[in-house]
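To start, the structure under review is shown below, and the notes come after it.
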Amino acid sequence: MPRQTPTACLALADGTVFYGRGFGATGQTTAELCFNTAMTGYQEIVTDPSYAGQIVTFTFPHIGNTGVTPEDDETAIPFAEGMVVKWDPTASSNWRAAEELGEWLRRHGKIGIGGLDTRRLTRAIRQQGAPHVALAHDPEGKFDIEALIAAARSFPGLVGLDLAKDVSCLQSYRWDEMRWAWPAGYLNRDQPGHKVVAIDYGAKRNILRCLASAGCDVTVLPATATAEEVMAHNPAGLFLSNGPGDPAATGKYAVPMIQEVLKTSDIPVFGICLGHQLLGLALGAETQKMGHGHHGANHPVKELATGKVEITSMNHGFTVNSQTLPKGVEETHISLFDGSNCGIRVPDRPVWGVQHHPEASPGPQDSFYLFERFAKVMDDAA
């Protein structure tokens, strides 16, 4: 049997080249390469705005087998720059599938590559850190390898890069859709609730759904919202969403807003992922780039006060440096993989954040209680 000509190519900045079979869009893109260990939820992962500027390597081989459905989109479009998989996506086999993965990626201009040794690639990322790469898909298999390596080397990286403004909403809007529940699916909240302003640094829909399900009347504001714009809604609470890029870069406009809200009001403040990091910066801590980050739906996190261990979903390449937490700010959660910070709080105020994704999309539901805790604090203050 004649050997197939590769139709896709992944070139790393160190000169390493992987060949495979392309799917989705044709063309070329550059990004940081990371790996995700989740066994489910590839559509939610690719549509997570926190993956802007990144190509995702999936360690689980069965990617594409359930197709895609609009119900599982975390945002309107995929924000990951591309995807790398072990096996070529097969025809979907799921009653909810509305479209094939390859066609969906092609329609959105995103490149996929299959047939790679993802174990080798993952080991390289773990040992050397997240590399800069160029990914190309050409049905004729014609690649300028030197040009691809040069493109990978010229990628500026995520340090110092503010991507929140690129993925955020452009204007405010209301959100009332709740979490998916069998058999009705997504229902809309029609009861009055606590007014919560959610800042969209790259917010996932299921985070907003969790807020609505917890009893919140949610108004979403763009990433660049000022403290005056936030407080003009007279909120009972402020939520800081997940998002992509370097928190120190986003913090140039986000941190002053958070600090002003903390200074002029005593409303509860809750941050997730990038929102957690921005809260840490606003409280006086520092953030730093991680070697390969945490990306998956099987990350153990320990709550220090109780000793409880939760299995969580994570997606971050930066972290709050716990050694820089100032007096008056406590570390509440840590990763059991590497001891990195996964939560902070201000002991005498209803102000806290977590690094993991309690909305569980995709991932386990161990941390849903954090949304209920946020609502209870607002209940108690009412």
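Looking at region 159-246, what helices (runs of 4 or more DSSP H) fall wholly within it and have at least 3 residues that are of a type outside the set (D, E, K, R) and buried (at least 22 other Cβ atoms within 10 Å of the Cβ)?
Fully inside region 159-246 and qualifying: 205-213.
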Criterion violated by Leu12 - all others in (1) crowded, with 21+ Cβ neighbours inside 10 Å; (2) modelled with pLDDT under 95 satisfied: (2)
Meets criteria (under 19 Å from Thr59 (Cβ atoms) and at pLDDT below 95) for Pro364: yes
Residues (open to solvent by less than 50 Å² (accessible area, probe 1.4 Å) and either closer than 25 Å to Pro139 by Cα or out of contact with any strand residue (DSSP E or B) (no Cβ under 8 Å at 6 or more places or on another chain) (or both)) located in region 82-105: Gly82, Met83, Val84, Val85, Pro89, Ser92, Glu99, Leu101, Gly102, Trp104, Leu105
Residue ID - least open to solvent (accessible area, probe 1.4 Å), chosen from residues in region 69-81 that are outside any loop (DSSP other than H, G, I, E, B) and within 14 Å of Leu105 (Cα to Cα): Ala80
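Yes/no matrix, rows are residues, columns are (1) farther than 30 Å from Val84 by Cα; (2) acidic (Asp, Glu):
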position: Asp138; (1), (2): no, yes
position: Cys169; (1), (2): no, no
position: Ala184; (1), (2): yes, no
position: His194; (1), (2): yes, no
Residues that are open to solvent by less than 10 Å² (accessible area, probe 1.4 Å) and within 14 Å of Thr122 (Cβ to Cβ), drawn from region 50-62: Ile55, Val56, Thr57, Phe58
Residue check for Ala134: crowded, with 20+ Cβ neighbours inside 10 Å, within 20 Å of Pro244 (Cα to Cα) and touching a residue at least 60 places away in the same chain (Cβ under 8 Å): yes
Residue within region 28-46 that is surrounded by fewer than 16 Cβ atoms within 10 Å (Cβ to Cβ), under 25 Å from Pro70 (Cβ atoms) and over 23 Å from the mean Cα position of the chain (by Cα) present: no
Odd one out for Arg179, checked against (1) under 19 Å from the mean Cα position of the chain (by Cα); (2) over 24 Å from Ala375 (Cα atoms): (2)
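Quick grid of which residues meet (1) of a type outside the set (A, V, I, L, M); (2) assigned to a loop (DSSP other than H, G, I, E, B); (3) free of Cβ contacts under 8 Å to residues at least 60 places away in the same chain:
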| site | (1), (2), (3) |
| --- | --- |
| Gln4 | yes, yes, yes |
| Gly22 | yes, no, no |
| Leu33 | no, no, no |
| Pro61 | yes, yes, yes |
| Gly64 | yes, yes, yes |
| Thr90 | yes, yes, yes |
| Arg96 | yes, yes, yes |
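The rows are residues; the columns are (1) closer than 28 Å to Ala236 by Cα; (2) at pLDDT below 95.
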| position | (1), (2) |
| --- | --- |
| Phe143 | no, no |
| Glu146 | no, no |
| Ala151 | no, no |
| Ser154 | no, no |
| Ala164 | yes, no |
| Glu177 | yes, no |
| Gln191 | yes, yes |
Failed item in (1) hydrophobic (A, V, I, L, M, F, W, C); (2) open to solvent by 30 Å² or more (accessible area, probe 1.4 Å); (3) in contact (Cβ under 8 Å) with a residue 60 or more places away in the chain, with Ala150 passing the rest: (3)
Residue in region 117-126 that is part of a strand (DSSP E or B), hydroxyl-bearing (Ser, Thr, Tyr) and either open to solvent by 30 Å² or more (accessible area, probe 1.4 Å) or farther than 17 Å from Gly317 by Cα (or both) present: no
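The values are calculated or read from the model by the stated rules, or taken from the named source; none is laboratory data. These numbers come from a predicted model, not from an experiment. Backbone-built Cβ (ideal geometry, glycine too); neighbour counts: all protein chains shown. These accessible areas exclude ligands, DNA and RNA; they are computed on the full protein's heavy atoms, side chains included. Shrake-Rupley method; radii C 1.70, N 1.55, O 1.52, S 1.80 Å.
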